[in-house]
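Read through the structure below, which is laid out as structure tokens, and then see the notes.
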Amino acid sequence: MVEGATSEHQMVWSTSPAMQQVFADYLVPASVQYAEEDINFDGKPDIIMFSASVQSNVPIHGVQALLQFHYSFKSNVKLDMYSFAYFSANSVAPGGVLSVDGELLLSQRTPITDRKYNDIYNTKMLTSDTPTTQQAVQ
């Protein structure tokens with residue numbers, strides 16, 4: 001979601017048809033680029049670069065983003081799971097660029113059973129094929 005100076009200036013971009021239907025009056029076209037980089041050549045992305053830009057004649061004062069990720073471990077531990085990364089930034093002065101740098105960390109609360117497949121977290125939390133927002137955001 002991209003925000004202008006007032007609540008009437010909210011703009012939304014989403015890959016979810018359910019979200020697009022709910023926010024149809026606020027949709028704005030966006031240019032989105034995504035890339036992965038595997039620095040240590042272990043076959044898993046170490047850096048994920050995401051860039052989105054919208055063209056608007058409204059000054060931008062805030063940005064909110066919710067990105068869904070799918071993790072899969074297949075060696076000693078077999079695990080598939082979905083997770084979110086969320087960030088929000090607001091400013092009294094309008095801006096043209098926002099850069100966010102962070103780390104996605106897996107915080108393990110209970111042991112994962114060795115060599116047994118675990119799919120308890122392998123459910124999309126935000127699906128793109130559900131007809132309503134309440135069903136899309138579980």
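Values quoted throughout were computed directly from the atomic coordinates according to the rules given, and no laboratory measurement underlies them. Here the structure is a predicted model, which is why all the values come from computation and not from measurement. Positions of Cβ are generated from backbone atoms using ideal geometry, with glycine treated the same way; all protein chains shown enter the neighbour counts.
Starting at the first residue of the range 85-102, write each ³J(HN,Hα) from the Karplus equation 6.51 cos²θ - 1.76 cosθ + 1.60 with θ = phi - 60°, in whole Hz, x for Gly and Pro.
Couplings: 10, 10, 9, 9, 9, 9, 8, 6, 8, x, x, x, 9, 10, 10, 10, 10, x Hz.
Give me the net charge for the shell around D38: Cβ to Cβ below 15 angstrom, other residues only, Lys and Arg +1, Asp and Glu -1.
-3
Applying a 10 Å radius around every beta-carbon, put 90-103, 58-71 in order of their mean neighbour count, most first. Walk me through the intermediate numbers first.
Numbers: 90-103: 8.6, 58-71: 15.1.
By packing density, highest mean first, the sequence is 58-71, 90-103.
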